[in-house]
Amino acid sequence: MTDHIRKIQDLRPGDIMFGPIGGFVGAGVAAGQLLVDGGFRVGKLSVRHVGIVTEAHPGTRYDDPAYPYGITDTFKLVQAMPGGAEEITMTYDKHWTPRHAYVRLPEDYPGQAGDAATIAKIMANWKVGYSFASYAALVAWRWGLSTPKLEAWINRRQSAIRYFTTQGNLADIRLPVEAICSVLVDQAWSMTGKKIFEDGRPHQCVTPSQLGARLLTGMEGVTWGFPIDYLDPDALGML
């Protein structure tokens, strides 16, 4: 099994997507990040949105003349949106562009990435909410209003539910009441026991730019992948 991410077929459940987000939501997210930490940019990659791959089923290869590019491939992603957490089918034009990047975290135990993907699916099934008030709370916390009451509000939880892990065991989790995109991804991994941030911050005090910067410069064993132009014949020849 490959450890690199050079084409969409290399993706696995649990991989993290970083990319842009447009429209009214994108403008609000950009403003929120500017107030919290100024945002995060590397070349064409401007981290505004985060998602987690939940299904990866590579099908027809590029060199099969009977099908157009990737038509039988099925990749799904969970993301936080104003209507609540949702699972969507990924497409090349929206999720595999030079403005995107993908990250694979090292596992602390076999199947941890699969567990993170399962928890993300549960968040989508339970429609974990989204609130721009979260950004206001993050701004207040970032600029010194780090009171126990504010931190408790940010970290509000639902009642415990159980799910089957990849090892076949039952585990209890308490989903967040609401989650912006970066919080959803961080929580999906954190509830499996992965410690992405070790700086003492309260749960859910995570923006897309902070998550991107942490994984780019602060964690060992992380695999980054940057999509190539899949319609470029020269690029296809290198796959």
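Observations, loosely collected:
- Phi to ³J(HN,Hα) by Karplus 6.51 cos²θ - 1.76 cosθ + 1.60 over segment 45-56, Hz, x for Gly, Pro: 7, 10, 6, 10, 9, 9, x, 10, 5, 10, 9, 9
- Average Cα contact separation per residue, segment 83-153, under 8 Å, 6 or more apart, as relative contact order %: 47 percent
- Filtered chymotrypsin sites (Phe, Trp or Tyr not before Pro), segment 112-180: DSSP coil and at most 16 other beta carbons within 10 Å: TRP126, PHE132, TRP143
- In order through segment 121-132: 3J(HN,Hα) via Karplus (6.51 cos²θ - 1.76 cosθ + 1.60), integer Hz, x for Gly, Pro: 4, 4, 4, 5, 5, 8, 6, 3, x, 10, 8, 5
- Relative packing of 8-20, 206-218, which averages over residues the other C-beta atoms within 10 Å, highest first: 8-20, 206-218
Each reported figure results from applying straightforward, stated rules to the coordinates on display, with no laboratory input. Keep in mind that this is a model prediction, so the values were computed, not measured. Don't worry about glycine lacking a Cβ; one is built from the backbone with ideal geometry, like all the others, and counts go over all protein chains shown.
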